[in-house]
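Asks: Here it is: the structure, laid out below.
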Amino acid sequence: MLGLTVAQVRGFARDGFLTPAPGRGARRKLRFSFQDLVILRTAKALVAARIPARRIRRALKNLRQQLPQGRSLAELRIVAEGDRIVVSDGTTAWNPESGQTHLDFAVSDLATRAAPIARRTAQAARAAEGDLDAEDWYELGLELEAVEPGEARDAYRRALELDAHHADAHVNLGRLLHEQGLVEEAERHYRLALSANPDLATAAYNLGIALEDLDRPADAVEAYRQALAADPRLADAHYNVARLYERLGKKAAALRHLSSYERLTGGL
């Protein structure tokens, strides 16, 4: 599946990056988990990016030491940026070799400069709200998201006051609430978006993420399946379903979706 040699797989297992279980029978072949496949896929991607094998092993070793107990390497996104290895856990990015955090100063500086303009735009919209329809408020929310998420939430709520069936406004408001940690409220908006438009793959995918955060894996699988029914090429949904199927003990289904993910992302 991954195009790695037996020697490479044995090397990663020997270094402790994988957790194979002994198989049955006289030959006692090692049996690898879905998480092991994810780690091997990551290693293969780094090899393809021409990161030397010694650096990959050192970076993974450092990363294992940096992770809290109970966390798996498979939970992280590990990529090559030029000749650097960068790890992200969804909120923070860092270099596992140096331990340094990576910040996008250009985006941060832009947001700081644009915030006062965004606030003035929101104030002007409120002053002329009688002339704005639901789509106008939705478009304003899009403009405000990056620099004034609070104002963006208000704009999406105003759009929904004027059109309770505006599916995209429900999705975006749900995502902003989700980022605030208001997961149950986000779930409600994702479901309202799907009620308005059952084929909206983004709403179903975001709902799956929310349900995972609420520790409802079986419900999350159904949400991801709905997303894939609307958009079979949604690679991240295949990946998340595969991970959840592995957690639920459905290994054949997990491998099927992992194969779809690999095919859609270039077969790393």
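Every number in this text was worked out from the coordinates using simple rules, so none of it is lab data. Being a predicted model, the structure only gives us computed values, none of them experimental. Ideal geometry is used to build each Cβ from the backbone, glycine not excepted, and the neighbour counts take in all protein chains shown.
Asks: Cut-off is 10 Å between beta-carbons; in what order do GLU151, GLU143, GLU222, GLU184 appear when sorted fewest neighbours first? Intermediate results must be reported in sequence, preceding the final value.
Replies: On the way: GLU151 22, GLU143 18, GLU222 15, GLU184 11.
Starting with the residue having the fewest Cβ neighbours, the order is GLU184, GLU222, GLU143, GLU151.
Asks: Using a cut-off of 18 Å between alpha-carbon atoms, which lysines can reach LYS61, once sequence neighbours fewer than 8 places away in the same chain are excluded?
Replies: Cross-link targets: LYS44.
Asks: Something else: State the extension gain, in nm to one decimal, for the chain segment bounded by ARG58 and THR5, taking 0.36 nm per residue of separation less the distance between their alpha-carbons. Display every interim value, and only then the final one.
Replies: Working: separation 53, 0.36 × 53 = 19.08 nm, distance 1.95 nm.
Gain on stretching ARG58 to THR5: 17.1 nm.
Asks: List the lysines whose alpha-carbon lies under 23 Å from that of LYS250, not counting same-chain residues fewer than 8 positions away?
Replies: LYS29
Asks: Let me ask you something else. Quick check: residue separation of LYS251 and GLU184 times 0.36 nm, minus the Cα distance between them. What number comes out in nm?
Replies: Working: separation 67, 0.36 × 67 = 24.12 nm, distance 2.95 nm.
Answer, rounded to one decimal: 21.2 nm.
Asks: With each pseudo-label sitting 7 Å past Cα toward Cβ, what's the LEU162-ALA49 distance in nm, one decimal?
Replies: Each label point is offset 7 Å from its Cα along the Cβ direction, giving 4.4 nm.
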